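Here the structure comes first, spelled out in structure tokens, and everything after it is commentary.
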Amino acid sequence: MKKHPNIILALILIALLGLGSLVGSNVRHLRSSKAFYQWILAAGTNMRMEWQDSGEYADDELLRSVNDACMAFLPDVEQPETTPDAPAPLAISQVVGDLSNDTLLWNLARGPVLKTQRDEFLAYCQDKKLLFAKDIDYAEAQASGVNVFNLFFGFRKLAASFVWVQVDRYWHKGMLYRMLPLMKTVVTLDPNFIDAYLVGAWHLAYNATAKMQDTPQPLKTWSTEYQACVGEKERYYYMAIDYLKDGIRKNPRNFKLYFDLGFGVYKIKMKDYANAVKYLSEAVRQPHERWVPRQLFICQELDHQYEEAKAGWEDYIKRYPDSVSGDEVAPRFIKRNEGMIAEQKMREALKKAEQSATPEESAKWKQEAETQKQLALQIWNEMNPNESDPFAAARIKRLRAEELAQEKRYYEAYSLLELARFESNSIWDEASNLIIQYKQEGGIPLSLSEKKALLRNQAGDTCQGKPAV
């Protein structure tokens, strides 16, 4: 039988070309699916955290289409409380918040259920219409095989490292103005460069502001971008916040980004404990180190969420039994929050006593207030043997000052608070405000610093250019 080598070779080439085309098609599909999946996480995280409005971009529209198309496949999620001004977020945005749903989301992103939305995503990428896909190039999503695109973009991480070295050089030379654009370049080249986000935010919130004074409230101006009163120093804080939020959108499963935003910026720099709790709560939803929830519970206490903080510490002891042995932090904070809960209930009861319609009802609430006060004093005294705990000692003086003020012994009351706030800085602001109140009630002259504090309190958070409510 006569052989036809040319025909056989041609058949082999055709088969190889077909196989190559199939492999290329599969690679393109996986690339586009991965880009689509990353965008779902970014856009969903942005909506769930109630961050930036995509504005003229198509992110919200496409995310709504994704939500509607896959609703039947999504697990039930607990929706937050809604108001007419803040409607419920899409279910997909809540699902994105739970890492146990990642496999489901990936299968949806690459499967037939969201084919139409995936194709729309690619078209939007090509037209640059997605705000949260700016770092996902259309060519990147479509690329397959070995080509110029892959040869260049395969070195993005290396290029990002080289640029980051330059950022560090500029820092040591004091050239902050040159650092900022390069910091953004680094995370554009490598959106998963976590340390670049963490160190960059540190530069903005800490190093850049180290020698700056806090801006006095009257000198601040209203920022429409941040919807807040800001000065030069505070603007750097918001720049750090934006930088970390960008990192979270691109890396929503990294606890360090949430932690640095909640602890490093909101707690330490801005004293905004509500937002600190918000982002530290997100940090503990991700795989994290055991020290992360401790800061969450501390911020809950600072935000007067005493019940939540106490429950958190109790759960912490159950998960880490060794935290009690040789480490009295958790038991001590449980007692602190128990004492604060008792004080809180005492003041609520006193308020109800003032508002009571009958003497009998008022007497009942006064008795409840006395019961809670005695409970608080018992807790503080247990924590404070031989005056060894400054926090508990300050709380005892705080309660005694209230008694003295009720007896109109204002000089003694404010003198006791003066001592308390110097014993424990945890009570400084609380005691300072009470000193002003008691001096005013007792007709005692205010010091110059107290007069200025009173003016600041009266001015509130007004600033230049702030719209009237």
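The values are calculated or read from the model by the stated rules, or taken from the named source; none is laboratory data. Since this is a predicted model, take the numbers as computed values, not measurements. Cβ coordinates were reconstructed from backbone atoms using ideal geometry, including for glycine residues, and neighbour counts include every protein chain displayed. Accessible surface is based on the protein model in full, side chains and every heavy atom, while ligands, DNA and RNA are left aside. Shrake-Rupley method; radii C 1.70, N 1.55, O 1.52, S 1.80 Å.
Brief remarks on what is shown
- Estimated at the nearest 10 Å², the accessible area of LYS173 is 140 Å² with a 1.4 Å probe.
- Coil-residue trypsin sites (Lys or Arg not before Pro) of region 240-324, DSSP, other Cβ within 10 Å capped at 11: LYS271, ARG290
- Phi to ³J(HN,Hα) by Karplus 6.51 cos²θ - 1.76 cosθ + 1.60 over region 361-374, Hz, x for Gly, Pro: 5, 4, 5, 4, 6, 5, 5, 5, 4, 5, 4, 5, 5, 5
- Using the rule -39500 (n - 2.57) for each DSSP H run of four or more residues, divided by the residues of the chain, the 222 nm mean residue ellipticity is -21000 deg cm²/dmol.
- Whole-Hz ³J(HN,Hα) from phi, Karplus 6.51 cos²θ - 1.76 cosθ + 1.60, for region 60-68, glycine and proline x: 4, 4, 5, 5, 5, 5, 4, 4, 5
- Cleavage-rule hits, GluC sites (Glu not before Pro), region 347-384, DSSP coil, Cβ neighbours within 10 Å at most 10: none
- Rounded Å value of the spacing that divides the Cα centres of region 406-469 and region 167-213: 39 Å
- Per residue accessible area in Å² of the chain, where ligands, DNA and RNA are left out and the probe is 1.4 Å: 56 Å²
- For the chain, a Kirkwood radius taken over Cα pairs fed into Stokes-Einstein (4 °C, viscosity 1.567 mPa s) yields D = 48 µm²/s.
- Gained length - ILE317 relative to GLU232, 0.36 nm times residue gap less alpha-carbon distance: 26.3 nm
- Once you reduce region 38-80 and region 352-371 to the center of their Cα atoms, the two points are 50 Å from each other.
- HIS288 - accessible surface, heavy atoms, 1.4 Å probe, Å² rounded to 10: 60 Å²
- Karplus (6.51, -1.76, 1.60) ³J(HN,Hα), θ = phi - 60°, over region 382-395, in Hz, Gly and Pro reported as x: 5, 7, 10, x, 6, 6, 8, 10, x, 5, 5, 4, 5, 5
- 5 angstrom amide H check on ALA228, placed H, neighbours 5+ away: SER223
- Computed across region 264-364, the Kirkwood hydrodynamic radius from all distinct Cα-Cα pairs reaches 15.2 Å.
- Carbon plus sulfur fraction of accessible area for region 186-303, probe 1.4 Å, in percent: 53 percent
- When the convex hull of its Cα atoms is projected in every direction, mean area for region 211-298 (nm²): 6.2 nm²
- For region 378-469, the carbon plus sulfur part of the accessible surface works out to 52%, probe radius 1.4 Å.
- Relative contact order (%) - the chain, alpha-carbon pairs under 8 angstrom, separation at least six: 10 percent
- Overall Cα dimensions of region 26-77, principal axis frame, Å, largest first: 35, 28, 16
- ASP98 contributes about 70 Å² of solvent-accessible surface, heavy atoms of the protein only, 1.4 Å probe.
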